[in-house]
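Asks: Provided herewith is a single structure, encoded as structure tokens, for subsequent inquiry.
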Amino acid sequence: MHLYSTTYRTNIHKAAFARTRGAFAALTATLTLAALTLTAGCKPSAESDDAGLLGALGLAGLSSPVPYTLTFVPRAGSATTVCSQNGSPALYTIAGSAAATLQDLRMYVHNVRLVKTDGSEVPLSLTNDGTWQYQNVALLDFEDATGNCNGTSETNTTLRGTAPRGTYASVRFTIGVPESLNHSDVSAADTPAPLNVSGMNWSWAVGRKFLRFEILNGANTAVFHLGAQSCTGTPPNVTCARSGRPEIEVPLTSSRTVTMDLQNLFGHANWDISAGSASCHANPGSPAQCPDIFPRLGLDWADASADAASQTVFGAL
Ligand SMILES: [Ca+2]
């Protein structure tokens with residue numbers, strides 16, 4: 001009885017061990033599959049491709065878009081540029097030029113894309129907020145109407161939206177407003193923010209100023225207003241031969257911060273305003289200092305087309 005009992009128990013133990021080993025093997029396979037999936041999910045190229053597998057494993061949430069914020073910082077040298085600074089650090093470092101202060105700095109951006117390490121893109125979908133972002137167009141506003149700035153007290157230095165979970169090598173965006181939204185009436189009651197900001201209205205060219213950057217030195221100003229030119233049609237149905245929309249790409253770091261080097265933007269002898277004002281309104285009929293500043297944003301002055309590789313103003317922090 002004792003022997004039978006021992007053998008019986010041994011058989012029971014063997015059977016239990018076999019079941020446990022089978023269950024363990026199944027569990028191991030499941031965990032291995034999950035681990036492989038999660039490992040693949042960490043690779044930039046796999047985020048959006050694994051939705052089905054993640055869903056089968058009950059991990060569909062990992063493939064859903066997540067909040068994503070990108071910060072912009074205008075700088076002179078290594079210091080952040082603000083309206084209240086009084087010439088130091090200099091907004092530009094042209095030999096012999098006197099100190100200058102910020103008067104205005106605002107810019108529209110759209111078509112924001114995050115770039116994976118394999119070069120493919122996913123959109124950073126901007127959240128409509130009724131103030132700064134509308135249909136994936138955003139107004140960045142770095143001036144707060146203090147010091148020598150003469151715009152509005154409100155500021156906006158970030159892009160806020162959602163993007164697929166993933167690791168991204170760089171960010172691409174287009175400066176300006178898309179043609180389809182650019183030529184509506186800025187002052188119309190039904191024109192949504194931020195397309196209704198009067199300070200960005202380009203009345204004589206029928207559209208928006210894509211970038212408005214102004215600095216002051218005593219009574220002299222350096223004024224750069226960028227926008228589309230050589231336009232035909234009747235608003236809002238207007239097309240422009242000179243796009244004037246820079247294509248920018250900068251590396252992405254963990255800070256998710258894009259810098260603007262304002263010293264570089266105006267860093268040309270023809271923009272020395274110590275003896276008189278200088279300007280560029282992107283007007284091919286009256287170029288003034290435009291040929292000096294367009295290439296710094298990656299724009300070809302000859303036709304106002306974009307070449308992201310050549311811009312030298314934007315970078316990463
Ligand atoms: Ca403002």
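The values are calculated or read from the model by the stated rules, or taken from the named source; none is laboratory data. This one's a predicted model, so the numbers in the text were calculated from it and none came from an experiment. Backbone-built Cβ (ideal geometry, glycine too); neighbour counts: all protein chains shown.
Asks: Scan the stretch 279-293 residue by residue and report those that are among the hydroxyl-bearing types (Ser, Thr, Tyr) and not in a loop (DSSP other than H, G, I, E, B).
Replies: Quick first cut of the stretch 279-293, residues among the hydroxyl-bearing types (Ser, Thr, Tyr) only: 279, 286.
Within the stretch 279-293, 279 is the sole residue that qualifies.
Asks: A further question follows. Can you confirm whether residue 225 is under 27 Å from residue 72 (Cα atoms) and touching a helix residue (DSSP H, G or I) at 6+ places or on another chain (Cβ under 8 Å)?
Replies: Numbers: under 27 Å from residue 72 (Cα atoms): yes; touching a helix residue (DSSP H, G or I) at 6+ places or on another chain (Cβ under 8 Å): no.
In short, no.
Asks: How many residues are outside any loop (DSSP other than H, G, I, E, B) and within 8 Å of the ligand (Cβ to nearest atom) when one looks only at the stretch 121-155?
Replies: Looking only at that region, the number is 1.
Asks: At pLDDT below 95, within 26 Å of residue 69 (Cβ to Cβ) and either outside any loop (DSSP other than H, G, I, E, B) or outside the structural domain of residue 231 (by TED's automatic domain parsing) (or both): does that describe residue 264?
Replies: Details: at pLDDT below 95: yes; within 26 Å of residue 69 (Cβ to Cβ): yes; either outside any loop (DSSP other than H, G, I, E, B) or outside the structural domain of residue 231 (by TED's automatic domain parsing) (or both): yes.
Spelling it out, residue 264 is indeed at pLDDT below 95, within 26 Å of residue 69 (Cβ to Cβ) and either outside any loop (DSSP other than H, G, I, E, B) or outside the structural domain of residue 231 (by TED's automatic domain parsing) (or both).
Asks: For residue 174, indicate whether it is under 18 Å from residue 260 (Cβ atoms), within 16 Å of the ligand (Cβ to nearest atom) and of a type in the set (Val, Ile, Thr). Let's see the steps before the verdict.
Replies: Details: under 18 Å from residue 260 (Cβ atoms): yes; within 16 Å of the ligand (Cβ to nearest atom): no; of a type in the set (Val, Ile, Thr): yes.
Here the answer is no, as residue 174 does not meet what is asked.
Asks: Now for a different question. Every residue in the stretch 132-150 that is over 17 Å from the mean Cα position of the chain (by Cα) and surrounded by fewer than 21 Cβ atoms within 10 Å (Cβ to Cβ), please.
Replies: First, pick out the residues of the stretch 132-150 that are over 17 Å from the mean Cα position of the chain (by Cα): 143-150.
144, 145, 146, 147, 148, 150 - these are the residues of the stretch 132-150 that are over 17 Å from the mean Cα position of the chain (by Cα) and surrounded by fewer than 21 Cβ atoms within 10 Å (Cβ to Cβ).
Asks: Out of (1) more than 16 Å from the ligand (Cβ to nearest atom); (2) crowded, with 21+ Cβ neighbours inside 10 Å; (3) more than 14 Å from the chain's Cα centre (by Cα), what's the single condition that is false for residue 187?
Replies: That leaves (2) as the condition not met.
Asks: Could you check how many residues of the stretch 156-177 are part of a strand (DSSP E or B) and closer than 23 Å to residue 131 by Cβ? Break it down stepwise before answering.
Replies: Filtering the stretch 156-177 for residues part of a strand (DSSP E or B) gives 156, 158-164, 170-175.
Next, from what is left, pick out any that are closer than 23 Å to residue 131 by Cβ: 156, 158-163, 171, 173-175.
Summing the residues that are part of a strand (DSSP E or B) and closer than 23 Å to residue 131 by Cβ in the stretch 156-177 gives 11.
Asks: Let me ask something else about it. Test residue 306 against the stated conditions and say whether it is assigned by TED's automatic domain parsing to the domain that holds residue 172 and surrounded by fewer than 17 Cβ atoms within 10 Å (Cβ to Cβ).
Replies: Numbers: assigned by TED's automatic domain parsing to the domain that holds residue 172: yes; surrounded by fewer than 17 Cβ atoms within 10 Å (Cβ to Cβ): no.
Spelling it out, it is not the case that residue 306 is assigned by TED's automatic domain parsing to the domain that holds residue 172 and surrounded by fewer than 17 Cβ atoms within 10 Å (Cβ to Cβ).
For every residue, the table says whether it meets (1) modelled with pLDDT of 95 or more; (2) under 28 Å from residue 113 (Cα atoms); (3) among the small types (Gly, Ala, Ser).
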position	(1), (2), (3)
173	yes, yes, no
177	yes, yes, no
182	yes, yes, no
208	yes, yes, no
235	no, no, no
243	yes, yes, yes
249	yes, yes, no
256	yes, yes, no
